[in-house]
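K.L.:
Just passing along the structure, written as structure tokens.
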Amino acid sequence: MTLGVLAALGMAFTMFAGFWTDWLWYRSVHYSSVFTTTLWTKIGLFFVFGLLMALAVGFNIWLAHRMRPPLSAMSMEQQSLDRYRMGIAPYKTWLLLAVTALVGLIAGASAAGQWRVWLMWVNGVPFHQKDPQFHRDVSFYAFDLPWYRFLLAFGFATAILSLIAAALTHYLYGGLRVTSPGSRASAAATGHLSVLLGVFVSLKAVAYWLDRYGLAVKSSDFRATGNWTGLRYVDANAYLPAKNILFFIAVICALLFFATLWRRTWQLPVIGFGLMVLSAVLIGGLYPAIVQKFQVQPNEQAKEAPYVQKNLKATREAYGIDHTQVSEYSGRAATDDKTKLRDQVGQTASIRIMDPNVVSPTFQQLQQIRNYYGFPTNLDVDRYPTKDGKEQDTVLGLRELNLDGIPKNNWINDHFRYTHGYGVVAAKGTESDDKGRPVFTEKNLPSKGDLGEYQQQVYYGEKTTTYSIVGGPQKEIDYSDDQGEKTTSYQGKSGVNLDNPLNRAAYAVAFNEPQILYSGAIGDGSRILYNRTPKDRVESVAPWLTIDGDAYPAVVDGRIQWIVDAYTTSNGYPYASRTTLGDTTADSLTATNNSRAVVAQQNQVNYIRNSVKATVDAYTGDVKLYQWDSADPVLKTWMKAFPDTVKPRSDISPELMAHLRYPQDLFKVQRELLTRYHVTNAQTFLSGSEVWQVPDDPSNDSRDSVPPYYLSMKMPDQKQQVFSLTTTFTPNGRDNLSAFMAVDSDPRASDYGKIRILKLPTSTTVDGPKQVQSQFNSEPSIAETISLLSRGHSQVEYGNLLTVPLDGGLLYAEPVYVRGGTLKYPLLRKVLVTYEGRTAFEDTLDQALDKVFGVKGSKPPESGTTEPPASTSPTVRQALQDAQKAYDAGQEALKSGPDWDAYAKAQKDLQDALRKAEDAQSAADKPRTSGD
């Protein structure tokens, strides 16, 4: 008994620990209202619906027992059940309570899971848009209909369980007979069960009525649209009339069941029920099939066109692509002036040669500094001002904590000493140095550069997935430099205080780590930090949002802020086709990095808005939600349900606004829809002649979709470059280019969020990304150079193949990296460029552009190698001249043969010259004393 009591207490405390730690965490991030609102909603639904189910089932059992016939009237069959009746007689009250409690618990748990549906129904706001069939506001389908369907399902479950419970009770106490001759049911049992059956059929009538509206959000496969939602010809002309007829039949059948209270016979209700079933088969199944076969299929386009037009309009509105600008684009250069074209390249786009999805190992090798730091697999692209005030595309990543790299793993090191990362590392997106390395604008440890002063500790990040205990007697390693390790103690107010023994015990149980309870490393001021990835924190404080797969860091107002895009979604927008978020947002990056996929992997939606921009402070962990789409009714509904959790858009500072951008996952959803929904004519849509597809990533053999790319560029109708998100389309089943798509991604621009599509003519063929990559690989001189670069243990890696519209034509540019020999990281070695069938493969972007256009740019190149600073020392100048000669000799050796001996000698001469220049410059810079 003692062990049983202890086990029960242990289980109770385990459940309490989960509840208590959740409450403490929500209180620590100042979103306790989210926890309490969700908790009380679940509790309310649990008790209300659990109690309703228990009362309904219990009442019907009690009523059946009360209606039992006298024992003298029982048949031999019933008398044989005496031992069962006698066995349960002493416990019948407890048995009744147990049965009702069990069904109540099950029903309550099921109802508690519908807390989102309840909150949306009770707080729903109108869309001020009506569906084209029933002319009801979209909010009815998005907020009301799901709740009504839950109530209907609950009613069916209650009626069926009550019917089963009543029937068993009547049988046990003689009201029903199975094998005995004579009447099969007593008059009381007949009336009781008939009423329950009448309730069931009445609910079926309600179901038929709701099914009418359900047709507007019903999913069905349709060859032209994929996952179609809404009424088609057969729905409007066969299923809808059928539902109306079946509704009236069900009402009549229910009345017949209720009439048995007076007639005491099953004959008419059973006949009515049989007719309802037969009608459901003939009217609800056979008739629509006949209409589809003999009316729709012979002339499908004419019959379906009006309904397809409704689907086109609703889908484009639901996904925010209704204002997409589609322009005809020739795909051929409008001028033969090569000098003009060459000069237009720099004006049209800042072509990024540092691929954030390739150079992470380079950042790791050159800027990791200590093994216990690491960078994400995919870096991010943002905009930062240069020293002259102009913005440039910048590739950056945080130096986050990597526990696998600490000298010795143990509980103290993993959770007390090594607790955070340190600093931002950033590089110019459009430049590399003469060795193919990034040109860092923020580097070293502590990080220094163009970003100025900011709080560099990174306690919250994408790679920070374990808990840390900070602020107590145990000092943390802050960072290391030439003078040794620097220690610190966390000064933030984040996390949960562990001074309280109850808190320590709760976390010891919750994290299955008993040392939390008794460790001497925990003392006054100790705080536990957990749920530390930005996406986890935003998803926890706003469980009604769908989180974008790519959180990215930015230095804002002297702090590192993680920026997280979040979406409001719905599955109830009438006539809008559905898409599965996990599938639609997949590409060649998510195939190797699952964290970049949308959190709700398999959520099917037919409405989405980027309604919230969230930030997570990398030091304090503070989460802030900002209302981004003030017109979104779904967000307004959740803001009513969780007041004061979302800040107004006006609270976004100008510094933060400068780093916000159009989210990738929304863009990927929209581009997938636009492969079909870029057309607005139903006949063209049905013919399928204009269907596109997102091409496979040409830089690898994964056969996954090419990811979209951020790029500062301008479209033909724009006057200046804008930070944009771009992609390409090819015809369905073919590799030539169909269209180029870009969306303005800078929220400070007047056209933020405007989607522009350049549609190429179908009468001419323009090479698509896969064909361009194939041409690169098949060019003899390029193939030979690639072969040379990949000799030995070297590996060639292709970067992002960028597409830029230029004067009616399309320019492609692709950086080529080599991860060679003893080097474990990629360096930029070549740049591929093609335009109008002319291809160049050179050491720098400017050289490749000069070769493609046959002329040099009239302006000095803004990208390429970084020039060394001038020096007044003649020795330094001579050494640099020798270095340039050695570099040129090495490049010449590569081109002729190549001559590897000559190349090795040139490399040695280059190193000697650079060393001589460095020594001479150091001597020149050394301050002189009076004795010199």
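Since every read-out is calculated from the coordinates, none of them should be taken as a lab result. Here the structure is a predicted model, which is why all the values come from computation and not from measurement. Backbone-built Cβ (ideal geometry, glycine too); neighbour counts: all protein chains shown.
K.L.:
Which residue, LEU802, GLY688, GLY4, has the largest displacement toward the positive end of the dipole of the chain when charges sit on each Cβ (Lys, Arg +1; Asp, Glu -1)?
P.N.:
Final value for the positive-end residue is GLY4.
K.L.:
Something else: Find out how many positive minus negative residues lie around GLY124, taking Lys and Arg as positive, Asp and Glu as negative, among other residues whose Cβ is under 14 Å from that of GLY124.
P.N.:
Computed value for this residue: +1.
K.L.:
Also, quick follow-up: Please give the calculated 222 nm ellipticity per residue for the chain, where each DSSP H segment of at least 4 residues contributes -39500 (n - 2.57) and the sum is spread over every residue; nearest 500 deg cm²/dmol?
P.N.:
Value at 222 nm, helices only: -13000 deg cm²/dmol.
K.L.:
Projecting each Cα onto the charge dipole of the stretch 191-318 (Lys/Arg +1, Asp/Glu -1 at the beta carbon, about the Cα centre), which of ALA289, LEU203, PRO241 comes out farthest on the positive side?
P.N.:
LEU203
K.L.:
Which of the helices in the chain meet the span-like rule: DSSP H, Cα axial reach of 20 Å or more, Kyte-Doolittle mean at least -0.5?
P.N.:
Result, helices passing both filters: 2-28, 32-66, 92-112, 145-172, 187-214, 240-263, 267-281.
K.L.:
Another one. Explain nothing, just the number: dipole magnitude of the stretch 349-532 about its Cα centre with +1 on each Lys and Arg Cβ and -1 on each Asp and Glu Cβ, in debye rounded to the nearest 20.
P.N.:
It comes to approximately 240 debye.
K.L.:
Once you charge only the Cβ atoms, +1 for Lys and Arg and -1 for Asp and Glu, what is the size of the charge dipole of the stretch 225-366 about its Cα centre, to the nearest 20 debye?
P.N.:
540 debye
K.L.:
How far apart, in nm, are the 7 Å Cα→Cβ label points at SER489 and LEU286?
P.N.:
8.5 nm
K.L.:
With labels modelled as points extended 7 Å from the Cα through the Cβ direction, what inter-label distance (nm, one decimal) is found for ARG748 paired with ARG838?
P.N.:
About 3.6 nm separates the two model spin labels.
K.L.:
Another question, if that's okay. According to a simple spin-label model (label point 7 Å from Cα along Cα-to-Cβ), what is the distance in nm between ASP388 and LYS640?
P.N.:
Computed distance between label sites LYS640 and ASP388 equals 5.4 nm.
K.L.:
At 0.36 nm per residue, minus the direct Cα-Cα distance, what do MET1 and ARG136 gain on full extension? Give it in nm, one decimal, please.
P.N.:
Contour length minus Cα-Cα distance gives 42.4 nm.
K.L.:
Using just the Cα positions, wrap the stretch 730-772 in a convex hull and report its mean projected area in square nanometres, one decimal place.
P.N.:
It is 3.8 nm².
K.L.:
Further question: Computed FRET efficiency, Cβ-Cβ of LYS885 and SER787, R0 41 Å: what is it to the nearest 0.05?
P.N.:
0.90
K.L.:
In addition: Compute the signed sum of charges (Lys and Arg +1, Asp and Glu -1) over the other residues within less than 10 Å, Cβ to Cβ, of ARG756.
P.N.:
Around ARG756, the surrounding residues sum to -2.
K.L.:
Subtracting the Cα-Cα distance from 0.36 nm times the residue separation, let me have the gained length for ASP434 to SER653 in nm, one decimal.
P.N.:
Contour length minus Cα-Cα distance gives 75.0 nm.
K.L.:
Of the cross-linked pairs LYS42/LYS243; LYS390/LYS624; LYS448/LYS613, which ones have a Cα-Cα span greater than 31 Å in the structure shown?
P.N.:
LYS42/LYS243
K.L.:
Starting from the Cα gyration tensor of the stretch 191-318, take the square roots of the eigenvalues, sort them a ≥ b ≥ c, and report rounded, prolate or oblate (rounded when a/c is under 1.5, otherwise prolate if a/b is larger than b/c, else oblate).
P.N.:
Prolate, since a/c reaches 1.5 and a/b exceeds b/c.
K.L.:
Translational diffusion coefficient of the chain at 20 °C, 1.002 mPa s, Stokes-Einstein with Kirkwood Rh over Cα pairs, in µm²/s as a whole number.
P.N.:
Value of D from the Cα-based Kirkwood radius: 65 µm²/s.
K.L.:
Could you calculate the contour length gain from ALA236 to SER33, that is, 0.36 nm times the residue separation minus the distance between their Cα atoms, to one decimal place in nm?
P.N.:
Taking ALA236 through SER33 to full extension adds about 68.6 nm, to one decimal.
K.L.:
Report the local net charge at ALA739: Lys and Arg +1, Asp and Glu -1, summed over other residues whose C-beta lies under 12 Å from its C-beta.
P.N.:
+1
K.L.:
What FRET efficiency comes out for PHE294 versus SER763 if R0 is 35 angstrom and r is the Cβ-Cβ distance? Round to the nearest 0.05.
P.N.:
Once the sixth-power term is evaluated, E becomes 0.35.
K.L.:
Assign unit charges at the C-beta atoms only (+1 for Lys and Arg, -1 for Asp and Glu), then state the dipole size of the chain relative to its Cα centre in Debye, rounded to the nearest 20.
P.N.:
For the chain, the charge dipole is close to 4140 debye.
K.L.:
Would you mind getting me the FRET efficiency between ALA153 and ALA631? Use the beta-carbon distance for r and R0 = 25 Å, nearest 0.05.
P.N.:
Result of the calculation: an efficiency of 0.15.
K.L.:
Can you find, among GLY471, ASN357, ALA510, the residue sitting farthest towards the positive end of the charge dipole of the stretch 349-532, where Lys and Arg contribute +1 and Asp and Glu -1 at Cβ?
P.N.:
About the Cα centre, the residue reaching furthest to the positive side is ALA510.
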